[in-house]
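Working notes, beginning with the structure itself.
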Amino acid sequence: MTERRWHDIEPADAMDIDLSTDLTITAPLNEAGERCPWPWEPQQLAGAPMGQYHCPYCGAMVMAGLPHIDYARRWRDIAPFDLPRAAALLKDGYTPASVITALTGGDMAFLARTNRNDQRVLFVDDAEELRATLDQLAALYADDPEPFKVYRVNGNERIQFRYGVTVFVRLKRRR
Ligand SMILES: [Zn+2]
């Protein structure tokens, strides 16, 4: 089963492609975990005096002149010494996508809080990583004075804090 990767396709060859419906091609995810329908614009804006801007197709914060950012970047891309910091930011209600992007890119301007549970989802690649990530997070909160509960229900893995913040761990959406 072969899957085409969106960044292997040139913008000129992508004119008729809609990644929100064509699931045979990979797509970068925005901060809410949604596939970008047409992620080829940012890379075409090299030299434009824009810097960061919102992708008009999915709303993700992207950089003019660089490939569309994929907010599904994995938890394991964060350096080990930054994991306690990442866990603390998740507990404070920052979205996992923004925490990962901020810590892996070294730019805290990407941090974003949310009141919506559907935006507090940490996407991982497979079931093994899902278990490992949940265990890692639980361990990072082990000495935390704030009471919490770890749910290990298949497909509904989450860590819940008493004051209302919940961090979910989910498998990345596949085609
Ligand atoms: Zn986009």
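Which is within 11 Å of the ligand (Cβ to nearest atom) and surrounded by fewer than 17 Cβ atoms within 10 Å (Cβ to Cβ), of Pro49, Pro56, Pro39, Pro28?
That would be Pro56, the only listed residue that is within 11 Å of the ligand (Cβ to nearest atom) and surrounded by fewer than 17 Cβ atoms within 10 Å (Cβ to Cβ).
Filter region 59-71 for residues that are more than 10 Å from the ligand (Cβ to nearest atom) and open to solvent by 40 Å² or more (accessible area, probe 1.4 Å) and give the result.
Once the filter is applied, which keeps residues that are more than 10 Å from the ligand (Cβ to nearest atom) and open to solvent by 40 Å² or more (accessible area, probe 1.4 Å), region 59-71 yields Met63, Leu66, Pro67.
If you scan region 157-175, which residues turn out to be more than 19 Å from Asp144 (Cα to Cα) and either at pLDDT below 85 or among the aliphatic types (A, V, I, L, M) (or both)?
Hits for region 157-175 are Val169, Leu171, Lys172, Arg173, Arg174, Arg175.
So Gly93 clears everything in (1) modelled with pLDDT of 90 or more; (2) more than 13 Å from the ligand (Cβ to nearest atom); (3) open to solvent by 30 Å² or more (accessible area, probe 1.4 Å) except one condition, right? Which one?
(3)
Kindly indicate whether any position in region 2-15 is away from the ligand (no atom under 13 Å from the Cβ), outside any helix (DSSP H, G or I), among the β-branched types (Val, Ile, Thr) and open to solvent by 10 Å² or more (accessible area, probe 1.4 Å).
Among the residues of region 2-15, at least one is away from the ligand (no atom under 13 Å from the Cβ), outside any helix (DSSP H, G or I), among the β-branched types (Val, Ile, Thr) and open to solvent by 10 Å² or more (accessible area, probe 1.4 Å), which makes the answer yes.
Is it true that Asp22 is open to solvent by less than 80 Å² (accessible area, probe 1.4 Å) and not in a helix (DSSP H, G or I)?
The answer is yes for Asp22.
Do we have Thr101 as touching a Gly at 6+ places or on another chain (Cβ under 8 Å) and closer than 25 Å to Phe148 by Cβ here?
In short, no.
Kindly indicate the residue of region 11-34 that is aliphatic (A, V, I, L, M) and under 12 Å from the mean Cα position of the chain (by Cα) and also nearest to Leu45 (Cα to Cα) among those meeting that condition.
That would be Leu29.
The values are calculated or read from the model by the stated rules, or taken from the named source; none is laboratory data. Here the structure is a predicted model, which is why all the values come from computation and not from measurement. Please note: Cβ atoms are built from the backbone with ideal geometry, for glycine as well, and neighbour counts cover all protein chains shown. Ligands, DNA and RNA are excluded from the accessible area calculation, which covers all protein heavy atoms including side chains. Shrake-Rupley method; radii C 1.70, N 1.55, O 1.52, S 1.80 Å.
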